[in-house]
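A short write-up of the structure that comes next.
Here, each number is a calculation from the coordinates, and none is a lab measurement. These numbers were taken from a predicted model, which means no experiment stands behind them. Virtual Cβ from ideal backbone geometry, glycine too; neighbours counted across all protein chains shown.
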Amino acid sequence: MRVLAAVLLAIFFHSASAQPAAFARCAACHDSKGAGADLGPSLSGVVGRKAGSREDFRYSRPMARSGIVWSEQNLDAFLKAPDQFVPGTRMPFEGLPSDAERAAVIRHLKSLK
Ligand code: HEC
């Protein structure tokens, strides 16, 4: 019983913290733990947050004024084609064309508290 619990816990924590390969590209610019931002705003707690709302990052005007809330659907559209979903965004990223990769990245974003 104890062994089973340990195995289940290990699987749970592994799947909660495992970072999909595609996220390595995001991590080049984005912190995920809420630390001060460098190249991009921290993605800690981004799911459900209003776009452009971190105090410690200077967003582009289009992002700050977009009125978007980062639901899973909006993240999916943004990550597929950032500059089409938020025209004029300063995020220098061409987008993730793969549905599976976007789904994995969004699943990971949901785990970032
Ligand atoms: C080369 C740097 C760079 C890369 C790579 C990058 N981003 Fe960004 N990201 C930015 C910048 C800069 C902004 C702010 C854009 C603005 O203000 O218009 C941003 C904004 C965002 C936002 C909006 C955050 C908020 O607080 O409103 C999300 C969500 C996001 N990025 C997710 C991602 C994900 C997921 C990836 C990987 C698939 C990624 N980014 C790759 C630089 C980057």
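Spin-label point model (7 Å from Cα, Cβ direction): what's the ALA64 to ALA21 distance in nm?
With each label point 7 Å from Cα toward Cβ, the separation is 3.9 nm.
Distance between the C-alpha centers of the stretch 38-62 and the stretch 65-113? Whole Å please.
12
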